[in-house]
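Worksheet: one structure, shown below.
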Amino acid sequence: MEQTVVQTKKLRVLPANRYHAGDSTPFSAFDLNTVTQKELTDKFRISSDAAKMLLSIRKKSAISRPDEVLHLKEIKKKDFEILRRCGYGNNDNKFAITDVQPVENYVFSFKKISLKISFLNPSNKKIAIASIKVFWNGEPFTIEKEVSRKESEQGFMIFDFEDSQTLPPGPARFIVNLFSEDGGQSMFKVTYAVLPSNPLSLTLSPSTYYVTGTYSLRGYYSSSSDKFYTVVKLSVYNGASSSVTMSKNINWEFWDGGVGGSSVESGTGSLSSNFTIDAYSTWSTTITFSSPSGSGIYKKYEDKEDMTLKIEMQKTSGTKVSDTLTARVMAAFGVDIIRVASDSFTSQEYTDLFDAVDVTQSIYEAMDITLRDIGRYAIPDSSAGSYKYINSESECRDMFEDWTAYDADGVNIDTFVTHDFVGTSFDGLAGDIPGPMSDSGRKSGVGVDKTGYVDGSGDKRLSIDYLGMLIAHELGHFLGLSHTSDSGNLMLSSSGETDTDITYDQYKTILDYGRVFVY
């Protein structure tokens, strides 16, 4: 039997408290009326000519705001950016977050988090609210706290999380916002490597390019090589006050379903050498599994079955660490969007319609299913006849029978967007549950009402979020899903724009439908 091949690639690791290249850059601020020439040139890297000019100007009169001097010819582009961001005058009402740091130097797993938010606020304006949104391997959450007058004036606050709001080891991103009473806002983004309290852990995560909606690894199929590739990021986190040395050996195993079931494939990999992780630091690599036809992993992906990857490493002293992560393919199906009486769609409605299709796609991608192809077709007013307004289920089925998009491979699902469903108790209809494999006959498509309205400017618009959900709902029937009573589910009989959940069982049902392919 063919075997999977493993390759590793060492990654550049950023500091634990600046763990993402897109993090905001901390900065210091200076008073344009008191800063010394040496501070300007040595600390803030202002050019000597610009520094001299600033000092000569303020001898004549105090500088109220940086924009009073930014136009001077001595102020070069580099100086301009530093002065605009870091400088303030004696009548300056701007404010900005200058840094966000953990009070205890690092963020540790399952321990209470306290962050120091430092900010520039020269006019001592009242800052009303501090808000932090946290993104991690779980449901994002937001915490808000009021900012006191004392905190507004002292230029920093300590933001304490609740005892229940701790995090496991792994990367976590914090989006910090301050809002002033006069409507101002400042934002700062920072990512921390949440270090293990135990104090060593191994964490698996999807690689950048193959993330799926459920934070699973994606089995990516390459037709040119007839192989599935699985790329996983492996990180080892050291939360100890001393360095640790790890063995270069990597043990891996793919399991059918969860760990402890039946083994699909297993093996070992090796880095070039043992490696050391400094105190309060991290180390990362990517591992690429190349699975040819005939291998166990290839067969499971081909059959659209879930697997669980387990990877284990150990310290040279013998302590083992491991983690697991689900691996699955991204499944996909195609749709042909057919505008019925297309001449009567305004250009704005046309744009809104395909924004709604984007919503449909995002609903399915949240459960690892995407749209492989989106066809765009039109039935002009002169040919649409009575189908512009659907008056009954029978008339909708007549439309399915009379029209089809005939896409190249014949597997896209015909999706008719009409102007209205008149006198019916429904605003969408699927041909059957599941729909037929053929694009002919009275069950061969889905139809929806475009759900339009007129906005405050008198322009015709479509209800993008609702229409996106409605298309997704009717496609769900065509893919084999019946109505459910689960709160928030896409397939509620009277679903609204926020009812977009797809369960794992529904996902498995969709995978069994013949027009759904590995993507």
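The values are calculated or read from the model by the stated rules, or taken from the named source; none is laboratory data. On a predicted model such as this, the values are computed, not experimentally measured, just so you know. Every residue, glycine among them, receives a Cβ derived from its backbone with ideal geometry; neighbour counts consider all protein chains shown. Note: accessible area is taken over every heavy atom of the protein model, side chains too, but ligands, DNA and RNA are not part of it. Shrake-Rupley method; radii C 1.70, N 1.55, O 1.52, S 1.80 Å.
Numbers for the structure displayed
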read-out: Relative contact order, percent, the chain [alpha-carbon distance under 8 Å, six or more residues apart]; value: 11
read-out: Separation of alpha-carbon centers, the stretch 395-424 and the stretch 238-288, rounded to whole Å; value: 52
read-out: GLU265 long-range amide H proximity, modeled H, under 5 Å; value: PHE254
read-out: Relative contact order (%) - criterion: Cα under 8 Å, at least six apart; region: the stretch 163-288; value: 22
read-out: DSSP H segments from the chain that extend 24 Å or more along their own axis, Cα-based, with Kyte-Doolittle mean of -0.5 or above; value: 347-365
read-out: Mean ellipticity per residue at 222 nm, deg cm²/dmol - from DSSP H runs of n ≥ 4 across the chain, formula -39500 (n - 2.57); value: -5000 deg cm²/dmol
read-out: Per-residue ³J(HN,Hα) for the stretch 25-37, Karplus 6.51 cos²θ - 1.76 cosθ + 1.60, θ = phi - 60°, Hz, x for Gly and Pro; value: 8, x, 8, 9, 10, 9, 7, 4, 9, 10, 5, 8, 4
read-out: Protection-proxy order for peptides 273-280, 456-463, 252-259, each taking the mean of Cβ atoms within 10 Å per residue, highest first; value: 252-259, 273-280, 456-463
read-out: Cα Rg over Rh - the stretch 218-288, Kirkwood; value: 1.07
read-out: Accessible area (Å², per residue) of the chain, counting only protein heavy atoms and a probe of 1.4 Å; value: 46
read-out: Alpha carbon Rg of the stretch 1-102, scaled by the compact-globule rule 2.2 N^0.38 Å; value: 1.65
read-out: Length added when fully stretched, GLN185-SER164, from 0.36 nm per residue minus Cα-Cα; value: 4.8 nm
read-out: Viscosity 1.567 mPa s, temperature 4 °C, Stokes-Einstein D of the stretch 130-180 from Kirkwood C-alpha radius, µm²/s; value: 105
read-out: Carbon and sulfur %, accessible surface of the stretch 303-421 computed with the full protein complex present, 1.4 Å; value: 41
read-out: Compactness of the stretch 183-251 - radius of gyration and Dmax, Cα, Å; value: 17.8, 57
read-out: Highest average packing first - 504-517, 137-150, Cβ atoms within 10 Å; value: 504-517, 137-150
read-out: Share of alpha-carbon pairs per 10 Å distance bin for the chain, given as whole %; value: 3, 15, 18, 18, 19, 16, 8, 2, 0
read-out: Pairwise centroid distance, computed over Cα atoms, of the stretch 52-80 with the stretch 449-498, Å; value: 57
read-out: Gyration tensor over alpha-carbon atoms, the stretch 281-376, equivalent ellipsoid semi-axes in Å; value: 44, 18, 9
read-out: Cα gyration tensor category, rounded, prolate or oblate, for the stretch 181-327 with a/c compared to 1.5; value: oblate
read-out: Accessible carbon and sulfur surface of the stretch 1-65 relative to its total accessible area, %, 1.4 Å; value: 50
read-out: Distance between the stretch 215-236 and the stretch 300-361 - C-alpha centres, whole angstrom; value: 13
read-out: Spatially proximal lysines relative to LYS450 (Cα-Cα < 21 Å; intrachain offsets below 8 disregarded); value: LYS388, LYS460
read-out: With every protein chain in place, the stretch 437-494: carbon and sulfur % of accessible area (1.4 Å); value: 45
read-out: Derived scalar couplings ³J(HN,Hα) [the stretch 378-384; Karplus, 6.51 cos²θ - 1.76 cosθ + 1.60; whole Hz; x for Gly, Pro]; value: 9, 10, x, 3, 5, 10, 6
